[in-house]
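Before any comments, here is the structure.
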Amino acid sequence: MGLEMKTLYRFEGFEMDPTNRVFGLGGKPIAIPSRAFDLLLYMTCNAQRLLTKEELMRAVWGGTIVEEGNLTQSVFLLRKALSAHPSMENQLIVTVPGRGYRFVAEVERIDIPPPRSTQPDISANAATHRTEAAPAPAPAVQKTMHSHRWYGLWYTMGAVITVAAIAALIILPG
């Protein structure tokens, strides 16, 4: 298990911690849905650049087939969350009609090194030395396929309810 560099993003008083999936303003967390968090992370990593709707949908939803309305809804939720800073209401995400969106905040990327171990390592020849792990590259945004997991759960629940209903009809005389 290697120690990895932790990266934070700051803009306009907001702070985003991708490792712990926390977003907040002034130390107070702001709740946003998972996909909206992924969208905001992608936008902060690509600030000041036109992000087409297709690029955003591919980056956030991966190979899952979704409608453009999902992207629109996520942008709406992000704008609502960003309105926690009164002077930033509807100003950080700019709609480029017919093309996509642009995240216009100046984003500060902060790399935090892993904590150093204070205990010395003992090698095979009993020499004492400290080991330092080389900094690992920042982790990529992982896309999870939540919807497929839920399909199986819903089908199983439906089958159990159907079997229970049939059993009740057979056992209990009408």
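Overview of results
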item	result
Segment 85-115: number of residues that are surrounded by 11 or more Cβ atoms within 10 Å (Cβ to Cβ), part of a loop (DSSP other than H, G, I, E, B) and at pLDDT below 80	4
Subset of segment 58-78 [charged (D, E, K, R), assigned to a helix (DSSP H, G or I) and over 15 Å from Leu41 (Cβ atoms)]	Glu68
Test: residue in segment 17-35 that is under 17 Å from Val104 (Cα atoms) and in the same structural domain as Glu106 (by TED's automatic domain parsing)	no
Any pair with Cβ under 6 angstrom, 6 or more apart, that starts in segment 45-63 at a residue that is over 20 Å from Arg109 (Cβ atoms) and ends at one that is among the aromatic types (Phe, Trp, Tyr)	none
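The values are calculated or read from the model by the stated rules, or taken from the named source; none is laboratory data. Note that this is a predicted model, so its numbers are computed, not measured. Quick reminder, even Gly has a Cβ in these numbers, built from the backbone with ideal geometry, and neighbours come from all protein chains shown.
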